[in-house]
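Okay, structure first, notes after.
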Amino acid sequence: MNHKDWEETIAKVGVVVGCLIFQDGKYLLVEENPDGRVVWNLPAGHVDKGEQLEAAAIREAKEETGFDVKLGTQLGLYHESAPQSVKHVFAAEIIGGVATPQEGEIISVQWLSFDEISQLQSEGKIRAPWVWDAVQKHHAGI
């Protein structure tokens, strides 16, 4: 691979951050409609140029859900292949705000049990494998 091709490949690989929020036995997920199909995701999004991962995770949670969050530990790092984004998942807890879906991007903000998320996974309604993996690992205490 020449240098120009390498630069173009690197330019296509972004960074995504997500928050796994667990409260009262349920997980906070957002319902989205990318590409015309309804799917469920963790509150997540791309890191802006020059933005710290933690700041981006807090910002994305607020934008997508309306909740202010405090981050805990990083739960996972996911990367399937180029040009897929590198995903960082953080544990988070709500410290304020009101559930408000992001207009134009998020259909709803819902608290779901592990069993409900498992059912969505079996129906192909979880946005990406890393979302299901993060929920499974948290549920199993890994």
Before we move on, is Asp133 among the acidic types (Asp, Glu), farther than 19 Å from Gly14 by Cα and either crowded, with 19+ Cβ neighbours inside 10 Å or modelled with pLDDT of 95 or more (or both)? yes
Failed condition for Gln121, given (1) under 19 Å from Asn33 (Cβ atoms); (2) in contact (Cβ under 8 Å) with a residue 24 or more places away in the chain, with all others met? (2)
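Inside region 86-129, can you point out the residues that are part of a helix (DSSP H, G or I) and either in contact with an Asp or Glu (Cβ under 8 Å, 6 or more places away or on another chain) or of a type in the set (D, E, K, R) (or both)? Reasoning before the result, please.
If we filter region 86-129 for residues that are part of a helix (DSSP H, G or I), which is where we start, we get 114-122, 129.
Asp115, Glu116, Pro129 - these are the residues of region 86-129 that are part of a helix (DSSP H, G or I) and either in contact with an Asp or Glu (Cβ under 8 Å, 6 or more places away or on another chain) or of a type in the set (D, E, K, R) (or both).
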Taking the condition under 14 Å from Ile21 (Cβ atoms) and at pLDDT 95 or above, does Gly124 pass? no
Can you tell me which residues in region 110-137 are polar (S, T, N, Q) and either touching a strand residue (DSSP E or B) at 6+ places or on another chain (Cβ under 8 Å) or under 17 Å from Gly45 (Cα atoms) (or both)? Gln110, Ser113
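Does region 31-51 hold any residues that are among the hydrophobic types (A, V, I, L, M, F, W, C) and closer than 17 Å to Ser85 by Cβ, and which are they?
Taking region 31-51 and keeping what is among the hydrophobic types (A, V, I, L, M, F, W, C), we get 38-40, 42, 44, 47.
Matches in region 31-51: Val39, Leu42, Ala44, Val47.
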Show the residue pairs that are 6+ apart or on different chains and have beta-carbon atoms under 9 Å apart, the first residue being within region 58-86 and within 22 Å of Asn33 (Cβ to Cβ), the second being in a helix (DSSP H, G or I) and at pLDDT 95 or above. Phe67/Ala61
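Could you count how many residues in region 29-67 are small (Gly, Ala, Ser) and part of a loop (DSSP other than H, G, I, E, B)? Give the steps one after another, and end with the answer.
So in region 29-67, the residues small (Gly, Ala, Ser) come out as 36, 44-45, 50, 55-57, 61, 66.
Among the residues that remain, those that are also part of a loop (DSSP other than H, G, I, E, B) are: 50, 66.
Matching residues across region 29-67 total 2.
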Subset of region 1-34 [charged (D, E, K, R) and either modelled with pLDDT of 95 or more or closer than 18 Å to Pro101 by Cα (or both)]: Asp24, Lys26, Glu31, Glu32
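The values are calculated or read from the model by the stated rules, or taken from the named source; none is laboratory data. The structure displayed is predicted, hence computed values, not measured ones. With ideal geometry, Cβ positions are generated from the backbone for all residues, glycine too; neighbour counts draw on all protein chains shown.
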